[in-house]
1. Would you pull out the residues with amide H under 5 Å of T216's amide H, same chain only if 5 or more places away, H placed 1.01 Å from N?
2. Which order, highest average first, do 99-107, 246-254 follow once you tally other Cβ atoms within 10 Å for each residue and take the mean per peptide?
3. Using just the helices of the chain, give the 222 nm mean residue ellipticity in deg cm²/dmol: DSSP H runs with n ≥ 4 each add -39,500 (n - 2.57), and the total is spread over all residues, rounded to 500.
4. At a Cα cut-off below 19 Å, give the lysines reachable from K356, other chains included and same-chain residues fewer than 8 away excluded.
5. I'd like the antiparallel share, as a percent to the nearest 5, of DSSP beta bridges with both residues in the chain.
6. Can you give the extra length, in nm with one decimal, that the chain gains between R67 and E175 once fully stretched, where that is 0.36 nm per residue apart less the Cα-Cα distance?
7. Just to check I understand the Karplus step: with θ = phi - 60° and J = 6.51 cos²θ - 1.76 cosθ + 1.60, what whole-Hz values come out for region 91-103, glycine and proline as x?
8. Build a GNM of the chain with springs between Cα atoms under 10 Å: which of P13, P112, P155 gets the top mean-square fluctuation?
Amino acid sequence: MMVENRIVQWIRPEVQRLSAYLVADAENLIKLDAMENPYTWSPELIEAWLERLREVSVNRYPDPEARRLKAHLRRYMAVPKDMELILGNGSDELIQMVLLAVAKPGRTVVAPEPTFVMYRQIAAMLGLEYQGVPLRTDFSLDLPAMLRVIQEQEPAVIFIAYPNNPTGNLFPVEEVQAIIEAAPGLVVVDEAYMVFAGKTFMPQLGDYEQLLVMRTLSKIGLAGLRLGMLAGNPAWIKALEKVRLPYNINQLTQVSAEFVLEQPGELDEQAKLICNDRARLQKALEQLPGIEVYPSNANFILFRVPPHQADAICAKIKAQGVLLKNLSGQGGALSDCLRVTVGTTEENHAFLEALKAVLYEQL
Ligand SMILES: *Cc1c(COP(=O)(O)O)cnc(C)c1O
């Protein structure tokens, strides 16, 4: 029991109160829970990549500035010339850097709710206040409520996931602009799903000194590399660089991401395929009895099942070999909601067959 006492004495209370981010075990399951790109690479691309990796000197530290990689990212993501970039070990780490840089007791982080859970989780571990502003029941933005909270709380940081996770929708540009204009501190527009949405605030960076645009390679097909980027006014980036650990982007990630960004054709094709399959999956879901489907601009679809059945339906689908994300436990607007990532055409089919079997069994 000694060790328990030391933990209670020394680990900060806000950390003790947290629960670690749980990732479901997906062994032998069709993995439609985490917005990964389901496609692998062509044998030619894999061979060329392995050739490139031969040149890596793992005995050396990586370039702490990742200069070559940043040049590729600038081009691929059309970062305006006068804006600067900072890279993170996934955008999760960038969220952490932003909040670490502003963290001070009494300061507040604001985001529409429900949204990406890491904003709240990281704010909590750093002792920041977090205020979620509920979306309307159709998951549209409640702009008056957002503006009221911004005025009352004067948040240090506002996060807007664009499109939003887990709801899948894009908020109207004018409403996001109104939030940016009202913000006393920073606004991070999180564009993790940009390739599936085709909409971005990147060109507007020059219009708003308080705006940062965040991207990641995870949902495009490189989740295993862990690479996110934040673009914005060089003065912000310079301030954030002070909390970045020097070698946070490892050598294999730098070289691999450079390689892919030199020839992004295959990944771009995969994204197109995923968007087409998203439309088909959406239509198929809409035809199922008792299912309410929310339109998506991302590579996943949120849907609502009949009341109090989400846990059972999710478990039965899992028993048939398909892993979904059950959001029902978060309660509120997400009660009875499940989220499915758009997989390969075959995976989507397997999911639909499993869902149908469960629904018709219950009728
Ligand atoms: C998945 C996701 C991220 C996390 O991306 P990583 O780069 O893999 O850390 C960030 N924001 C949103 C909205 C996401 O859905």
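Values in this text are rule-based calculations from the coordinates and carry no lab data. Keep in mind that what you see is a predicted model, and the values were worked out from it rather than measured. Ideal geometry is used to build each Cβ from the backbone, glycine not excepted, and the neighbour counts take in all protein chains shown.
1. Distant-sequence amide H within range of T216: M229.
2. 246-254, 99-107
3. Working: 14 runs with 151 residues, N = 363.
Per the formula, -12500 deg cm²/dmol.
4. K31, K283, K316, K318, K325
5. Taking every DSSP beta bridge within the chain, about 50 percent pair in antiparallel fashion.
6. Gain in length upon complete extension: 35.4 nm.
7. Using θ = phi - 60°, the values come out as 5, 3, 5, 5, 4, 5, 5, 4, 6, 4, 5, 9, 4 Hz.
8. P13
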